[in-house]
Amino acid sequence: ELSTLAGAANTPTVAKQVLVSDIDRHVLCFGTNTYGTTVQDPLMIRWSNQESVSNWTISSDTTAGSLRLGSGSEFVQAVETKQQLLVFTNKTLHSMKFIGPPFTFGLQELSKNITIMSPASAVPVDDVVFWMGVDTFYLYAGGTQQLPCPVKDKVFLDFNFDERDKVHVGVNSEFSEVIWFYPKAGSSTVNAYVVYNYEGKVWYYGTLNRDAWMDRGIRTFPIATGNSLLYNHELTNDDDGSAMTSFIESGPMDMGDGDKFVSIKQMLPDITFNGSSNPTPSVSFTLKAKNSAGGNFLQTESKDTARSTTTPIEQFTDKIDYRLRGRSFAIKVESTGTGVKYKLGTPRVDMRPDGRR
């Protein structure tokens, strides 16, 4: 506790979050007790004397001080960017900057009527901050805006809001990914994720048990906890000896306005198995066709694509024959083998108009 430190004076006794402002070297407490009392104020911010973790006395001889957030009903999270601290309440976003004596820090309201899911759902990437709201996603890059998310119904309509405080976010900088981990409906633990790739501006989602995440930083790989284990992410494919089953599946695609049937006869795979420890890695390409948007897939065919050689260049199955017919179709690529690492390119599907019947 701060109060047990040598020379401790007027230290906070309770706080929702504590962090160090790197630029000016103050320790800050958010959602802390009011100066001179032990009563917690959910909107109170206090900071220590510069370069001191123990001296919190507000006087003309120190830079310690306090500010109270002027809107919202409770502090939720603070994140530090290169230029400022962004401070979230349950309804507003503020900028907190070091302005020097005599006030030390200043607060400016940036946005009203925003939401934030949990005390660990916002993350900075350089000077951009991404966060999960209660029904949408946001970013701040000099201004607040909602992130278009085509999969948000998959997330928020299958979400256990009673456990929303367990939501946490991480960054996988190697692949330009922001990852939110959350509990699905009916689950009391975190068991799903949704990813925003800010380089490609695409979204994807899946299931995974992770309780904490740290980007690689000074380490070679990101690390995460889950299932009472510590994981090195992006390192090998099946280090526990069992195959890592993975798949990616597209949404339904059609030709033109979807009012005509198409016939699919062939596909040219585009994939690489670089990094695989299996000498003959393979994946399964599944094509599925259906006749209406509200109907089930009526025809499904799965065919394997395998690497044949790596010399003089990597070569794999050059074409796959199918026989499918429908108004729309989807592609699924799946790996169930050990030692298989793959990256999907742009497969080419031979589909031709086949009339209305």
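Using a 10 angstrom Cβ neighbour count of at most 14 plus a DSSP loop assignment to flag exposed GluC sites (Glu not before Pro), which longest range of the chain is free of such sites?
For GluC sites (Glu not before Pro) (loop position, at most 14 other Cβ atoms within 10 Å), the longest site-free span of the chain is 75-198.
At 0.36 nm per residue, minus the direct Cα-Cα distance, what do Ala141 and Lys319 gain on full extension? Give it in nm, one decimal, please.
59.6 nm
Given +1 on the Cβ of Lys and Arg, -1 on the Cβ of Asp and Glu, and no further charges, what dipole in debye does the stretch 180-243 carry about its Cα centre, rounded to the nearest 20?
Using Cβ point charges on Lys, Arg, Asp and Glu, the stretch 180-243 gives about 260 debye.
So which aspartates and glutamates pass the test for Lys303, namely a Cα distance under 18 Å, with those fewer than 8 places away in the same chain ruled out?
Lys303 reaches Glu249, Asp270, Asp318, Asp321, Glu334, Asp350.
What is the percent carbon and sulfur in the accessible area of the stretch 2-112, measuring with a 1.4 Å probe over the protein chains and ignoring ligands?
51
Within the set Lys82/Lys154; Lys97/Lys152; Lys166/Lys201; Lys184/Lys265; Lys82/Lys184; Lys91/Lys343, which residue pairs have Cα atoms separated by over 30 Å?
Violating the 30 Å Cα-Cα cut-off are Lys82/Lys154; Lys97/Lys152; Lys184/Lys265; Lys82/Lys184; Lys91/Lys343.
First select every other residue whose beta carbon is under 10 angstrom from the beta carbon of Asp22; then total the charges, Lys and Arg +1, Asp and Glu -1.
0
For an R0 of 56 angstrom, estimate the FRET efficiency from the Cβ-Cβ distance between Thr225 and Thr311 and round to the nearest 0.05.
0.85
If contacts are Cα pairs under 8 angstrom and at least 6 residues apart, what is the relative contact order of the stretch 79-171 in percent?
22
With 27 Å as the cut-off, how large is the P(r) tail for the chain, expressed as percent of Cα-Cα pairs?
Here the long-distance tail beyond 27 Å is 60 percent of all Cα pairs in the chain.
Cβ under 14 Å from Asp318's Cβ, Asp318 left aside: what net charge do those residues give with Lys, Arg +1 and Asp, Glu -1?
-1
With all protein chains present, how much of the accessible area of the stretch 119-166 (probe radius 1.4 Å) comes from carbon and sulfur, to the nearest whole percent?
48
Is the shape of the stretch 1-82 rounded, prolate or oblate, going by the alpha carbon gyration tensor and its root eigenvalues a ≥ b ≥ c, with a/c under 1.5 for rounded and a/b larger than b/c for prolate?
It comes out oblate by the Cα gyration axes.
What net charge do the residues around Leu268 carry, taking every other residue with its C-beta under 13 Å from that of Leu268, with Lys and Arg at +1 and Asp and Glu at -1?
0
Using a simple spin-label model with points 7 Å from Cα along the Cα→Cβ vector, what separation in nm is obtained for Val202 and Leu19?
Distance between the two pseudo-spin positions: 3.1 nm.
Is there a quick way to get the dipole size of the stretch 146-288? I mean about its Cα centre, with the Cβ of Lys and Arg at +1 and of Asp and Glu at -1; what is the value in debye to the nearest 20?
Taking the Cα centre of the stretch 146-288 as origin, the dipole is about 100 debye.
How much accessible area per residue does the chain have, counting only protein heavy atoms and a probe of 1.4 Å, in square angstrom?
That works out to 53 Å² for each residue.
How much accessible surface does Tyr204 have with a 1.4 Å probe, in Å² rounded to 10?
Its accessible surface works out to 80 Å², give or take rounding.
What is the stretch 1-154's relative contact order, in percent, from Cα pairs under 8 angstrom and six or more apart in sequence?
Computed value for the stretch 1-154: 13 percent relative contact order.
Strictly greater than 21 Å: what percent of every Cα pair in the stretch 83-182 meets that?
Considering the stretch 83-182, 37 percent of its Cα-Cα pairs are separated by more than 21 Å.
So what is the 222 nm mean residue ellipticity for the chain from helices alone, if each DSSP H run of at least 4 adds -39500 (n - 2.57) and you divide by all residues, rounding to the nearest 500 deg cm²/dmol?
So the helix-based figure for the chain works out to -500 deg cm²/dmol.
What is the chain's relative contact order, in percent, from Cα pairs under 8 angstrom and six or more apart in sequence?
9 percent.
Based on Cα positions only, what radius of gyration and what Dmax would you give for the stretch 230-357, in angstroms?
Every Cα atom of the stretch 230-357 included, Rg and Dmax give 16.7, 55 Å.
How much of the calculated P(r) for the stretch 165-206 lies past 16 Å, in percent of all Cα pairs?
36
Tell me, what is the FRET efficiency for Ala243 and Lys91 to the nearest 0.05, using R0 = 51 angstrom and their Cβ-Cβ distance as r?
E between Ala243 and Lys91, to the nearest 0.05, is 0.65.
If we sort 153-160, 130-137 on the protection proxy, mean other Cβ atoms within 10 Å, highest first, what's the order?
Sorting 153-160, 130-137 by mean packing, highest first, produces 130-137, 153-160.
The values are calculated or read from the model by the stated rules, or taken from the named source; none is laboratory data. Just so you know, these numbers come straight off a predicted model, no measurement behind them. So basically every Cβ, Gly included, is an ideal-geometry build from the backbone, and we count neighbours across all protein chains shown. Note: areas computed on protein heavy atoms with side chains; ligands, DNA, RNA excluded. Shrake-Rupley method; radii C 1.70, N 1.55, O 1.52, S 1.80 Å.
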